[in-house]
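The block underneath contains the structure these notes are about, expressed in structure tokens.
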Amino acid sequence: MLATTEFALLRRVATEQATNRAPSLVAAVVRDGKLAWSGARGFVDGASPDTDTQYRLGSITKSMVAALVMRLRDAGELDLSDPLERHLPGTAFGKLTIAQLLSHTGGLTSESPGSWWERSLGGDWAALEASVTPAELKHRPGSRFHYSNVGYGALGELVARLRGTSWLQAMRSELLGPLGMSRTTDHPEGRHARGWAVHPFADVLLPEPSPDAGAMAPAGQLWSSITDLARWTSFIGGHTGDVLHPDTVAEMRALNTVDDGDAWTSGYGLGLQLFRHNGRRLAGHTGSMPGFLACTLVDEASGTGGLVLTNSTAGVALVSLTVDLISIVDEYEPRLPADWRPAEIDPELLALTGLWHWGPTPYHLRVLPNGWLSLAPADGDGRASRFRPEGEHWVGLDGYYAGETLRVGRGTDGVPQHLDLATFIFTRTPYDPSAPVPGGVDPDGWR
């Protein structure tokens, strides 16, 4: 990074740490899947923390558990629409779907019954399951967003049952190991920050406990470092290695539910929090445990990500700080567009390009550099989608036609004659009488 960029980033971090009295605070920025900048303020055991110092992640743990669930889905071990009882029979909330648990739309209670779980030694799954009675279903499933730590306790048990091991061991072998995240652990190892509460009216500290959460651990147990969390931030942005296909992570980033109603500044996907800020769309997760706050976010458009770790129970403005780090980088060092280059395109695809009509409405079909198709209204206003080839046909990726099949109808000479898209017929000329237009075309033609 340029010296001016680095100073602006450090000043923002220093201002946050000093103004909100954080014992220590570390932050970083990622670009192109790599750690591009990091900075620290405050002290851990009398010295400045570094990129290897561990802090507790809190609910960022949930996003990693969600990735394990998506691996099971991609492997055919489950479907997101499966009720939980198909895999964990006997629970009082077994009719909730896996997708509802991932997106916090099942209506399940936010906290586990009994003692405040974040400050209490946790029991096993049997104890947690027994404590969650039908009374802990607080809302009609699917009716609204209601954050549920209990739901992720259940998802951790789901991973354990289907993998035949603990959720933590599955995470180590399937996610942390392959991504090189060796400093992400269930308890602190090596140099780590102690969790503190800062007195609201005096500059004094109180140590916070960090007991093992037991069956609730998948909701917020993990500890990590800036180096490891930068790798996870890059993962959320699409640099997924062999852990998940980038399309699956894009599915996790897609909006499932809105958290704040009409405003739609925050929402939730599948294991990922979503934010909109000044035209940006950001995905990631925040974390909060007694003595610790954490945040990781990535801008889907620019690919720039920010992350923050601090050992304070409250006070640090996590989301605004992380968003500011991303904004500073993209403002001070905006990305240059890549050089345009000709693409290697299947010559047969060229016959599909050009002008098509949905009834009287003109559309343009283009071949994208990766061999996908783009179908969009000629005036830019209306239903537009991209399509990826699957066998002899094409499947919509986004927009109105997401998931729908595009078929090419050809004449006896093999020349493309019409497009059949979710029963809509697109023709080279408006209502071409030689094409199978539903309802037929008036024999007297246009007049």
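Given the options PRO334, SER374, GLY315, identify the residue whose Cα lies farthest towards the positive end of the charge dipole of the range 276-387 (+1 on Cβ of Lys, Arg; -1 on Cβ of Asp, Glu).
GLY315
At R0 = 56 Å, how high is the FRET efficiency between HIS393 and ARG191 if r is their beta carbon distance? Nearest 0.05 is fine. Show your work: numbers first, answer last.
Details: r = 55 Å, r/R0 = 0.99.
The pair HIS393/ARG191 has a calculated efficiency of 0.50.
Can you return the lysines within cross-link range of LYS138? Criterion is Cα-Cα under 30 Å, with same-chain partners fewer than 8 residues away left out.
In chain and number order, the partners are LYS62, LYS95.
With charges set only on the Cβ (+1 for Lys and Arg, -1 for Asp and Glu), what does the dipole of the chain come to about its Cα centre, in debye to the nearest 20?
Details: 37 positive and 51 negative charges, 126 e Å.
Using Cβ point charges on Lys, Arg, Asp and Glu, the chain gives about 600 debye.
May I ask you to sort HIS146, HIS393 by Cβ crowding, counting other Cβ atoms within 10 Å and putting the fewest first?
Fewest-to-most Cβ neighbours within 10 Å comes out as HIS393, HIS146.
Starting with the fewest neighbours, write out THR423, THR227, THR19 ranked by other beta-carbon atoms found within 10 Å of each beta-carbon. All intermediate terms of the calculation are to be shown ahead of the outcome.
Values: THR423 7, THR227 19, THR19 11.
Sorted ascending by nearby Cβ count, the order is THR423, THR19, THR227.
Given the options LEU84, PRO23, PRO134, identify the residue whose Cα lies farthest towards the positive end of the charge dipole of the chain (+1 on Cβ of Lys, Arg; -1 on Cβ of Asp, Glu).
Result: PRO23, furthest along the dipole toward the positive end.
How much length is gained on full extension from TYR400 to ASN370, taking 0.36 nm per residue of separation minus their Cα-Cα distance?
Numbers: separation 30, 0.36 × 30 = 10.80 nm, distance 2.11 nm.
Stretched out fully, the TYR400 to ASN370 stretch lengthens by 8.7 nm.
Run the dipole for the range 1-156 about the Cα centre, Lys and Arg Cβ at +1, Asp and Glu Cβ at -1, nothing else charged, and hand back the magnitude in debye, nearest 20. List each step's numbers first, then the result.
Details: 16 positive and 16 negative charges, 108 e Å.
I would put it at about 520 debye.
Taking 8 Å as the Cα distance limit and 6 or more residues as the minimum spacing, I'd like the relative contact order of the chain as a percentage. Before the final figure, lay out the partial values.
On the way: 951 pairs, mean separation 73.3, N = 447.
Result for the chain is 16 percent.
With a Förster radius of 35 Å, plug the Cβ-Cβ distance of ARG407 and ASP442 into 1/(1 + (r/R0)^6) and report the FRET value to the nearest 0.05. Please list the in-between numbers first.
Numbers: r = 25 Å, r/R0 = 0.72.
Once the sixth-power term is evaluated, E becomes 0.85.
How do LYS138, LYS62 line up, fewest other C-beta atoms within 10 Å first?
On the way: LYS138 13, LYS62 27.
Fewest-to-most ranking of LYS138, LYS62: LYS138, LYS62.
Which of LEU336, LEU355, LEU25 ends up with the largest GNM mean-square fluctuation for the chain, with Cα atoms connected below 10 Å?
Maximum fluctuation in the GNM of the chain, among the listed residues, is at LEU355.
Loop sites only, by DSSP: take the GluC sites (Glu not before Pro) in the chain that have at most 11 other C-beta atoms within 10 Å and name the longest stretch containing none of them. Don't jump to the answer; show the numbers that get you there.
Working: sites that count: GLU344, GLU392.
Free of exposed loop sites, the longest segment is 1-343.
Give me the dipole magnitude in Debye, nearest 20, for the range 347-427 about the Cα centre, with unit charges on the beta carbon: positive for Lys and Arg, negative for Asp and Glu. Let's see the in-between values first.
Working: 6 positive and 9 negative charges, 13 e Å.
Roughly 60 debye for the range 347-427.
Can you list residues from other chains, or at least 5 along the same chain, whose modelled amide H is less than 5 Å from the amide H of HIS277?
LEU282
With the chain treated as a Gaussian network of Cα nodes joined by springs under 10 Å, which of ALA213, ALA193, ALA126 yields the largest mean-square fluctuation?
Ranking ALA213, ALA193, ALA126 by mean-square fluctuation puts ALA126 first.
As a check on your grasp of the helix formula, calculate [θ] at 222 nm for the chain: sum -39500 (n - 2.57) over DSSP H runs of n ≥ 4, divide by the residue count, round to the nearest 500. Each step should come with its number before you reach the end.
Working: 10 runs with 103 residues, N = 447.
The per-residue figure over the chain is -7000 deg cm²/dmol.
Read the figures in this text as sums done on the coordinates, not as results from a lab. Bear in mind that the values here come from a model prediction, so they are computed numbers and not experimental data. Don't worry about glycine lacking a Cβ; one is built from the backbone with ideal geometry, like all the others, and counts go over all protein chains shown.
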